[in-house]
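Beneath this line is the structure, given in structure tokens, with notes to follow.
Since every read-out is calculated from the coordinates, none of them should be taken as a lab result. Every value quoted in this text rests on a predicted model; they were computed, and no experiment measured them. Cβ placement follows ideal geometry from the backbone for every residue including glycine, while neighbour counts extend to all protein chains displayed.
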Amino acid sequence: MKKVEIAPSILNADFKNLESEIKKVEDLGVKFLHFDVMDGHFVPNISFGAPILASISKIHNMINDVHLMISDPLKYVPDFAKAGADLITFHYESYEEKEKILETIKLIKSLNIKCGISIKPATTVEEILPYLDKVDLVLVMSVEPGFGGQKFNPVALEKIKELNRLKDENNYHYLIEVDGGINAETAISCRSAGVDILVCGTYLYRSKNLKEDYEKLIK
Ligand code: DX5
Ligand code: ZN
């Protein structure tokens with residue numbers, strides 16, 4: 001099966017020990033650290049923002065993979081850039097005005113940061129076709145954004161396949177990332193569909209045998 005990267009999401013980490021929670025996933029050898037930003041408006045939950053990223057971005061050597069689940073990414077992208085984001089993914093559904101989507105992509109790139117676009121389970125790949133030649137990553141949500149620990153929605157699998165097909169046909173360069181409900185079983189389905197990066201929160205942070213459970217995702 002295709003090689004896959006794991007991006008542990010710290011949303012379900014133990015925040016009183018955040019540094020050791022980060023080290024523990026870095027010791028697995030993962031390349032990405034997934035940082036879920038929620039504003040209580042675009043999604044019905046509030047998580048953490050740029051000041052927390054600024055404190056943790058320098059204590060590890062993983063790629064700071066920032067997932068903005070917020071209503072007005074244009075306003076906050078510079079803060080996350082300053083805080084150490086290496087990759088910023090925003091939601092297609094954040095804006096009704098399509099010019100703002102293009103503006104957000106341009107802004108992220110102008111700051112020398114990799115740019116991702118994300119779609120919720122109800123959004124089709126067709127809707128983001130105009131942006132596929134401009135982004136470095138497409139994040140397919142396999143749960144409704146807002147909370148960790150939800151059940152994987154298989155609607156993501158067809159989208160992953162379609163994104164792979166479009167990438168091959170058009171020579172696009174984006175990576176395909178999937179987020180929500182990833183465990184040893186759903187990882188296999190996503191990898192068969194051709195995903196590049198698996199975001200994984202609850203499964204890893206609630207694991208009693210981290211190394212062993214991590215191996216199940218990549219073997
Ligand atoms: C959901 C977030 C996730 C999520 C992943 O809104 O984007 O990254 O917390 O967590 P699990 O693996 O618990 O579904
Ligand atoms: Zn996420």
| Nearest-5 percent of antiparallel DSSP beta bridges in region 5-218? | 5
| said: Ignoring everything except DSSP H segments at least 4 long, calculate the 222 nm mean residue ellipticity for the chain; use -39,500 (n - 2.57) per segment, divide by total residues, nearest 500. | reply: -10500 deg cm²/dmol
| said: Once R0 is set to 35 Å, what does the formula 1/(1 + (r/R0)^6) return for the Cβ-Cβ distance between LYS219 and SER55, expressed as a FRET efficiency to the nearest 0.05? | reply: 0.55
| field | Length added when fully stretched, LYS31-ILE46, from 0.36 nm per residue minus Cα-Cα | value | 2.8 nm
| remark: Given unit charges at Cβ for Lys, Arg (+) and Asp, Glu (-), the dipole magnitude of the chain about its Cα centre in debye, nearest 20, is 540
| query | Taking R0 as 30 Å, what's the FRET efficiency between LEU74 and SER20 from their Cβ-Cβ distance, rounded to 0.05? | reply | 0.30
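With an 8 Å cut-off on Cα pairs and a minimum separation of 6 or more residues, tell me the relative contact order of the chain in percent. Walk me through the numbers before you get to the answer.
Working: 424 pairs, mean separation 45.2, N = 219.
Reported relative contact order: 21 percent.
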| field | LYS109 versus TYR172: modelled label distance in nm, points set 7 Å from Cα along the beta carbon direction | value | 1.4
| field | Gain on full stretching of the segment that runs from LYS82 to ILE188 - 0.36 nm per residue minus C-alpha separation | value | 34.6 nm
| If you find the alpha carbon centre of region 199-219 and of region 1-49, how far apart are they in angstrom? | 13
